[in-house]
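The values are calculated or read from the model by the stated rules, or taken from the named source; none is laboratory data. Model, not experiment: these values are computed from the prediction. Quick reminder, even Gly has a Cβ in these numbers, built from the backbone with ideal geometry, and neighbours come from all protein chains shown. With ligands, DNA and RNA removed, areas are computed over all heavy atoms of the protein, side chains included. Shrake-Rupley method; radii C 1.70, N 1.55, O 1.52, S 1.80 Å.
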Amino acid sequence: MEKAYKILSLQEKISNKKAKELIDKGLVCVRGKKVQLARAEYPMQTIFEITSLLKPEVIFEDSNILAVNKPPFIESYDLADCFKGWVLLHRLDKETSGVILLVRPDSDFHLRAKKAFKEQKVYKEYVALVSGFVSEKCVINEPILTIKKGFAKSKISKDGLSAITQIEPLSVVGKKTLVKAVIKTGRTHQIRVHLKSIGHSIVGDRLYGGIDFKRIMLHALKIKIFDYEFSSPLPKEFQNLVQ
């Protein structure tokens with residue numbers, strides 16, 4: 001047995017430091033399951049799989065708004081470094097892929113768009129792969145409280161903020177279900193927490209009880225604001241799940 005980062009460094013002929021970085025970024029898997037700790041021990045013959053980081057792609061751009069297809073494993077805040085002169089209008093979790101919007105800072109459109117988000121006038125549609133069978137549509141209306149101690153974690157709590165998620169099953173994949181999730185509000189980890197609350201955690205979401213996988217299977221499919229509507233193609237991990 002040997003530490004994961006040491007085996008990986010030998011396998012890829014890279015430094016121990018680089019191997020640790022790849023594992024810490026969530027980019028290393030074994031048989032489809034993410035390696036959680038660089039110091040976790042594995043048999044010396046273990047073969048690790050490395051996920052390549054994709055580059056964010058521009059979906060649409062005009063003087064008001066920039067719509068970007070965010071790959072998984074990229075922090076939303078890092079997009080501002082990729083697209084100078086633009087700032088985030090909203091955020092996606094690190095492992096969540098899909099459409100994300102940026103605007104010109106402090107422009108009239110920026111102010112109007114922030115107000116639209118606050119007043120819940122923005123349509124946000126996601127797809128997620130969850131454990132178990134979701135047989136019918138449902139609306140989850142449970143308040144969410146977020147606690148930030150080094151990292152953010154949310155939970156259902158009467159002391160939390162209002163949160164509404166509409167769930168609709170799309171297809172059954174083995175003992176899992178591909179669902180559509182439309183959120184009226186935008187609380188931290190909202191879809192992840194709400195799906196856990198009904199016993200259907202997202203595949204790959206270990207923070208909220210999901211089974212092991214190489215990434216959190218959550219994708220921001222579509223967003224509508226004012227007269228704009230943007231969508232992001234499903235990543236390859238999802239494509240073979242759609243009937």
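Points to keep in mind about this one:
- Strands (runs of 3 or more DSSP E) contained in region 143-241 and holding at least 2 residues surrounded by fewer than 17 Cβ atoms within 10 Å (Cβ to Cβ) and at negative phi: 144-149, 151-156, 164-173, 228-231
- Annotation note: Cβ proximity below 8 Å between a residue of region 24-40 that is without any contact (Cβ under 8 Å) to a residue 40 or more places away in the chain and farther than 15 Å from residue 203 by Cβ and a residue that is surrounded by 13 or more Cβ atoms within 10 Å (Cβ to Cβ) and polar (S, T, N, Q) (sequence gap 6+ or interchain) occurs for 28/51; 30/46.
- Hey, residue 55 under 23 Å from residue 210 (Cα atoms) and under 17 Å from the mean Cα position of the chain (by Cα) or not: no
- Within region 10-30, not a single residue is part of a helix (DSSP H, G or I), under 23 Å from residue 126 (Cβ atoms) and in contact with a Phe, Trp or Tyr (Cβ under 9 Å, 6 or more places away or on another chain).
- Within region 126-142, considering residues that are touching a residue at least 60 places away in the same chain (Cβ under 8 Å) and open to solvent by less than 20 Å² (accessible area, probe 1.4 Å), the one nearest to residue 65 (Cα to Cα): 127
- Screening region 88-116 for residues that are more than 19 Å from the chain's Cα centre (by Cα) and of a type in the set (A, V, I, L, M) and picking the one that is surrounded by the fewest Cβ atoms within 10 Å (Cβ to Cβ) gives 111.
- Residues in region 1-17 that are modelled with pLDDT under 90 and either within 30 Å of residue 83 (Cβ to Cβ) or under 23 Å from the mean Cα position of the chain (by Cα) (or both): 0 in all.
- For region 31-60, residues that are touching a Pro at 6+ places or on another chain (Cβ under 6 Å) and either assigned to a helix (DSSP H, G or I) or among the acidic types (Asp, Glu) (or both) total 0.
- Taken together, the residues in region 182-198 that are in contact with a helix residue (DSSP H, G or I) (Cβ under 9 Å, 6 or more places away or on another chain) and among the hydrophobic types (A, V, I, L, M, F, W, C) amount to 3.
- Any chance residue 64 is of a type outside the set (A, V, I, L, M, F, W, C), more than 30 Å from residue 226 (Cα to Cα), touching a Ser or Thr at 6+ places or on another chain (Cβ under 8 Å) and open to solvent by 30 Å² or more (accessible area, probe 1.4 Å): no
- Filter result (free of Cβ contacts under 8 Å to residues at least 24 places away in the same chain, in contact with a strand residue (DSSP E or B) (Cβ under 8 Å, 6 or more places away or on another chain) and β-branched (Val, Ile, Thr)) within region 59-109: 87
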